[in-house]
Amino acid sequence: MSHENLEQALRAAKSPVEMLRNSQIGPYAFPVVPSEFTNWRDEQRSWRETCALFDQSHHMTDLYIEGPDALKLISALGVNTFSNFRVDTAKQFVACNHDGHVIGDAILFHLAANSFVLVGRPPALNWVQYNLEGGQYNAKAERHERSFVNKTGARRCYRYQVQGPNAKKVMEKVTGKPVPDIKFFNMDVFEIAGCKVRALRHGMVGQPGWELFGPWPDGDRVRDAIVEAGRELGIRKVGARTYPTSTLESGWIPSPVPAVYSGELMKPYREWLKGTSYEATASLGGSFVSKNIESYYLTPYDLGYGGFVRFDHEFIGRAALEKAAKKPKRQKVTLVWNGDDVDKVFSKLFHAGKFSKYIDLPLANYATLPFDKIVKNGKTVGVSTYTGYSFNERSMLSLACIDVKHAKPGTKVSVVWGEDSGGTKKPTVERHNQATIRATVQPAPYGETARTAYRPR
């Protein structure tokens, strides 16, 4: 049964947790782009060894915001500082609810005076759009849905990323000029195949690179020129199967539970969100189970965004975050899973008897919002939120939020893999038994370049 809005869907469900855990939607979709262009192992290797080309044109939603009050709106919702947010720069925008829990994040581009675009998964964009429509702001928004929703395959802009140790050489070859020294999260304009291309100095895999974007009709021409220029430099197009694993090495957690399912102050927003929205249809999966949806909410400090929080302006959630800042409870880390324990899970595929939850490769997520519990000495000490295999590290990795006292690199913990009671009703969940997998706490980002040289401190 479909519902008009999220609030109606929640009223019809036993609880927000039950609704999300039994959603029939699987992991986040990466549409249109082929699953693999070659094979995911070599495609992963390309961003470490040569150069990777990502096509990001289809899986993210774009919200263009223009008008004299555009920055006022953004500032009222973002934990970030905007005191010197210049044209031709960008930042990772983080929005929270009134209690200081993260609704979502996205990349915010400052395109021109009073002109911005938010690019990312829907939760942060939905929140901004809602507040614009319901507030007294002299601004307007234009929304362009991800291809999973609009089904046309056409967007306002194409978006590509050129990443890896040979990325600079590829860019110099395709532009025919030395690449200027653009600061991190700053933009410039290049010319590729006769097309004006805007470039953000950025890197999804912790390697030096650029995010390129421009008018949709130019997309094929620009992409083909990049591929040709990079042919002798080992460039590889990266498919939809491989792309979402890049964050395992760079340390970004893409799928926190949007903190919108509870609280009277958020009720008008839940009534605004459609019954078909990301928030209403997303699936929650994993071994961590609580009756209270609030147990799944995370703060910016949990997610490693503490450095973004600035109390130099008023924003929703400020008072709560001022308290949380005094003593953060959790820290973002990488968990390196024990290979022998992972082997045991796979080995059960070939023997009769008890079966563990299948670990898909290279990305193991089987729900939109993965949430597995981390245990030490029989107690839950954190949550593992994004899991997959890195061929570059020859390891299963997961990004996790763990109690501060257990966050020291080298700490031994365990991840409970699979769901309790044989699993939920999600179609991606076969009947199975849980497995306990040993893991070692390591820094996030885990990739050495991402950790030591990618982003200026």
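The values are calculated or read from the model by the stated rules, or taken from the named source; none is laboratory data. If you're wondering where the values come from, they're calculated on a predicted model, not measured in any experiment. Quick reminder, even Gly has a Cβ in these numbers, built from the backbone with ideal geometry, and neighbours come from all protein chains shown.
Below are the figures for this structure:
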read-out: Among residues of region 137-146, those that are in a loop (DSSP other than H, G, I, E, B) and either of a type in the set (Lys, Arg) or farther than 27 Å from Arg201 by Cα (or both), counted; value: 4
read-out: Among residues of region 112-136, those that are outside any helix (DSSP H, G or I) and touching a Pro at 6+ places or on another chain (Cβ under 9 Å), counted; value: 3
read-out: Residue list for region 227-241, filter: surrounded by 23 or more Cβ atoms within 10 Å (Cβ to Cβ) and either basic (Lys, Arg) or more than 13 Å from His59 (Cβ to Cβ) (or both); value: Gly230, Ile235, Arg236
read-out: Those residues of region 322-346 which are small (Gly, Ala, Ser) and closer than 19 Å to Tyr297 by Cβ, in sequence order; value: Ala324, Ala325
read-out: Leading residue by the ranking (surrounded by the fewest Cβ atoms within 10 Å (Cβ to Cβ)) among those in region 86-99 that are touching a strand residue (DSSP E or B) at 6+ places or on another chain (Cβ under 6 Å) and over 22 Å from Leu369 (Cα atoms); value: Val87
read-out: So Ser295, is it among the small types (Gly, Ala, Ser), within 18 Å of Val381 (Cβ to Cβ) and in a helix (DSSP H, G or I); value: yes
read-out: Candidate set: region 389-426, residues that are of a type in the set (Lys, Arg) and modelled with pLDDT of 95 or more; chosen: the one nearest to Ala324 (Cα to Cα); value: Lys405
read-out: Odd one out for Ser75 among (1) in contact with a His (Cβ under 6 Å, 6 or more places away or on another chain); (2) in a loop (DSSP other than H, G, I, E, B); value: (2)
read-out: Residue list for region 259-292, restricted to those being of a type in the set (Val, Ile, Thr) and part of a helix (DSSP H, G or I); value: Thr281
read-out: Filter result for the condition that a residue is under 28 Å from Asn97 (Cα atoms), crowded, with 18+ Cβ neighbours inside 10 Å and of a type in the set (S, T, N, Q), over Ser277, Ser295; value: Ser277
read-out: Pair list, Cβ < 7 Å and 6+ apart or interchain, from region 298-311 residues that are at positive phi to residues that are among the charged types (D, E, K, R); value: Gly304/Lys332
read-out: Criterion violated by Asn186 - all others in (1) within 24 Å of the chain's Cα centre (by Cα); (2) of a type outside the set (A, V, I, L, M); (3) within 23 Å of Thr50 (Cα to Cα) satisfied; value: (3)
read-out: Checklist (1) crowded, with 17+ Cβ neighbours inside 10 Å; (2) under 23 Å from Ser35 (Cβ atoms) applied to Leu349, failing item; value: (1)
read-out: Search result, residues across region 219-251 that are assigned to a loop (DSSP other than H, G, I, E, B) and either among the acidic types (Asp, Glu) or touching a helix residue (DSSP H, G or I) at 6+ places or on another chain (Cβ under 9 Å) (or both); value: Gly234, Gly239, Arg241, Thr242, Gly251
read-out: Residue in region 37-59 that is in a loop (DSSP other than H, G, I, E, B) and surrounded by fewer than 17 Cβ atoms within 10 Å (Cβ to Cβ) present; value: yes
read-out: Output for region 427-457, where each listed residue is in a loop (DSSP other than H, G, I, E, B), modelled with pLDDT of 95 or more and surrounded by fewer than 20 Cβ atoms within 10 Å (Cβ to Cβ); value: Pro427, Thr428, Glu430, Arg431, His432, Gln434, Pro443
read-out: Residue count for region 181-221, restricted to those that are β-branched (Val, Ile, Thr) and closer than 15 Å to Ala90 by Cβ; value: 2
read-out: Filtered residues of region 18-36 (kept if at pLDDT below 95 and either assigned to a helix (DSSP H, G or I) or surrounded by 22 or more Cβ atoms within 10 Å (Cβ to Cβ) (or both)); value: Phe30
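Okay, residues lined up against (1) touching a strand residue (DSSP E or B) at 6+ places or on another chain (Cβ under 6 Å); (2) surrounded by fewer than 19 Cβ atoms within 10 Å (Cβ to Cβ):
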{"residue": "Pro68", "(1), (2)": "no, yes"}
{"residue": "Ile74", "(1), (2)": "no, no"}
{"residue": "His101", "(1), (2)": "no, no"}
{"residue": "Leu108", "(1), (2)": "yes, no"}
{"residue": "Val117", "(1), (2)": "yes, no"}
{"residue": "Gly135", "(1), (2)": "no, yes"}
{"residue": "Thr152", "(1), (2)": "no, yes"}
{"residue": "Lys168", "(1), (2)": "no, yes"}
